[in-house]
Structures are given as structure tokens and as C-alpha cells.
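A short worksheet on the structure shown next.
The values are calculated or read from the model by the stated rules, or taken from the named source; none is laboratory data. Keep in mind that what you see is a predicted model, and the values were worked out from it rather than measured. Cβ placement follows ideal geometry from the backbone for every residue including glycine, while neighbour counts extend to all protein chains displayed.
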Amino acid sequence: MSQSHESISNPSVTTHDADDDTRNRDIKIYINGEIVARDDAKVSVYDSGFMLGDGMWEGMRLYNGVWAFFNEHMDRLFDSCKAVSLDIGMTRSEVAEALAQTAEANGMTTDVHCRLMITRGVKVKPFQHPSLSRSGPTVVIIMEHSKAVDRISDAGSAASGIKLAAVPQVRGLPHSQDAKFNSHSKLNCVIACLQAEAAGADEALMLDPHGFVNTTNACNFFIVKHNEVWTSSGDYCMNGVTRQKVIDICRDNGIPVFEKNYSLYEAYSADEAFLTGTFGAQTPVYSIDNKLIGSGSAGPVTQKIRSLYGQLIDNHVKRESAR
């Protein structure tokens, strides 16, 4: 198949595509210990998260009453907040209870995506210094009925993958803003996404400060070459929970996997490529810079990893449910 610009077309898609669910119009949202209707869910314009992007968040999925890999998500959240001296004001068990209350208020048990957000709280003046946030943190939990579009089950269609474009915006050095923070400050990723959109792609493929392939604006990135799975060194990317699960799956099932530096040269010639994230699990890549990757849909290694990941989720849910 020709890989010319004219030969590759694909409807605009994202890694967070989901069918519209009308139930989400009337969801209830947790704000600082209260559960309120969606239209009544508000925070102050003086909130440090709104004013400065000063906060951390986690995205989690609910499977049959179990928050997948809750401990790993809490490790990242609490470690990140500690690193920026943000006191959550809640224990892990209290966070779990707040999640349970919100799910119960919405009648949610499965196919649910949650965004748990913690900010430094309301400021007494509209300025930057963190000491001006004196009322304690703002804690918000948004849960939506959300089932990701399964692009792997539609692997026979070339349109099932995501179009990526390598963009000028890079993931920064740890001493500028460490990419391991899942912070509210996402402007660099937003800029990357805008650059990808201008290039006619769905999402951005971001490089690290040395020019090596790193991650997308929203997800971690993997390629498959000669039945080996490659991902970035991890030095400049979000330490994704799903990313680590995929690495573990490969190691546990005899699939060669490498965390390493590699360039766009290797990415363009990959046999397969896919993204990982809590929402979409594994999402196949159709093209990079308008160069078709493999067949443009999920290849055999991607499909195998997706199947193993599904088994991992099932076993995790059964184990946690039995406790």
C-alpha cells in the first residue's frame, strides 16, 4: 500500500472517544465532602487550580464495583502531592470512601471513568504564592458513564487507529516541570495537541528534550518492531499505571520489551504502534506524520497485549471483590 499523503485518510478521533451517554447530563459530583448535581457543581474563581493550574489529578476506571489498580493510582497521587507540599487532607481510605459515596449517589458500578482532582484550594488574593491558599485543599470527583470505543475489536478497519503527528512542543526536563507530575498544569500538552490538529492529526507525538520519541499529549506510546515492544526510557514521561502494566504483562508472558531511547526513524518503520492509558487501555496507531504504521490497525502483538490486559483486569477485579 502506498504511504503517500494522498493515500492516507482517517476520520478525526481521539483516545478518549466514547459513545454519548445521556445519563451523564444529570450526574452528581463530589466537592469537598458534599455531593451535588452537575449544574450546581462549582468552585471559586479564586481557587488555585483555576487560577494557576496548581493541583494534581488521577483518572481511574470502575470495573464491576472495583477501581482498577487503586493502590498504584494513590501511590502516584500522594507522591505527587507530597513533592509539591500539597496536603490532600484525606487518607487513602477516606479517598476510597469518597469514591464509593460518589459512585453510589450516581448508581454506578461499571464502565465508569473518574477524574479525581486535588488543588491547593481557594486563595485569599489572586496571586501566585502558595501561602495565599489558606482554606485547605479543594477535592473534586467527577464520574461519568463511559465506555471507550473499542478500536481493537474493529481491527479489520484501517480507520480504527489514531493519527499522530510529531510536534515541536517537547516534554520538559525534570527541573523545569517534571513530566511525572499528573498536574493540572497541562498547557504544554494542550499546545502539543493544537500543533497536531494543525498538522491534520488526532493527537501529538511529543519528543523528549534530546529528540527521542517520548509520549503523546495524552497517553504513553509504544511501538512493535520485529515482535519486540519498545517504549521510551521513561525519564521524561508520565509514569502511567497502564504503561507499567503493559511492561509487566510483556515480561510475564515472554514478550520482549524494552524501555529505551529511539528516534522517529524507528517509529516510522514500526510494524505496530499503540497508546496506553487508563481510559482507552490500548489504542492502536494508524499513522505517524502521515506514514502508515503496519496495516493502520491493531496488529497481532497489540491484540495479544490487549487480551492479556483484559485478563489482568478480570483477575484483579475478582481478587479485590473477594476481599
Taking the stretch 182-232 as the search range and keeping residues that are in a strand (DSSP E or B) and of a type in the set (A, V, I, L, M), which one is surrounded by the most Cβ atoms within 10 Å (Cβ to Cβ)? Met206
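Quick one: which of Pro256, Pro284 is more than 19 Å from Ala68 (Cβ to Cβ) and within 21 Å of the chain's Cα centre (by Cα)?
Pro284
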Could you tell me whether the stretch 154-170 includes any residue that is among the basic types (Lys, Arg) and either surrounded by fewer than 23 Cβ atoms within 10 Å (Cβ to Cβ) or assigned to a loop (DSSP other than H, G, I, E, B) (or both)? no
Testing Ser176 on (1) surrounded by 14 or more Cβ atoms within 10 Å (Cβ to Cβ); (2) farther than 17 Å from Arg243 by Cα; (3) of a type outside the set (Val, Ile, Thr), one condition comes back false. Which one is that? (1)
When residues of the stretch 83-137 are filtered for being closer than 22 Å to Asp26 by Cα, surrounded by 19 or more Cβ atoms within 10 Å (Cβ to Cβ) and hydroxyl-bearing (Ser, Thr, Tyr), how many remain? 1
Selection from the stretch 23-38 of residues of a type in the set (S, T, N, Q) and either buried (at least 17 other Cβ atoms within 10 Å of the Cβ) or assigned to a helix (DSSP H, G or I) (or both) yields Asn24
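With the structure loaded, tell me whether Phe279 is modelled with pLDDT under 95, within 29 Å of Trp57 (Cβ to Cβ) and among the hydrophobic types (A, V, I, L, M, F, W, C) or whether it fails that test.
On the way: modelled with pLDDT under 95: yes; within 29 Å of Trp57 (Cβ to Cβ): yes; among the hydrophobic types (A, V, I, L, M, F, W, C): yes.
The answer is yes for Phe279.
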Within the stretch 288-311, take every residue that is of a type in the set (Gly, Ala, Ser) and under 20 Å from the mean Cα position of the chain (by Cα) and give me the one that is nearest to Ser263 (Cα to Cα). Ala298
Residue satisfying condition, being under 27 Å from His145 (Cα atoms) and touching a helix residue (DSSP H, G or I) at 6+ places or on another chain (Cβ under 9 Å), within set Asn315, Asn239: Asn239
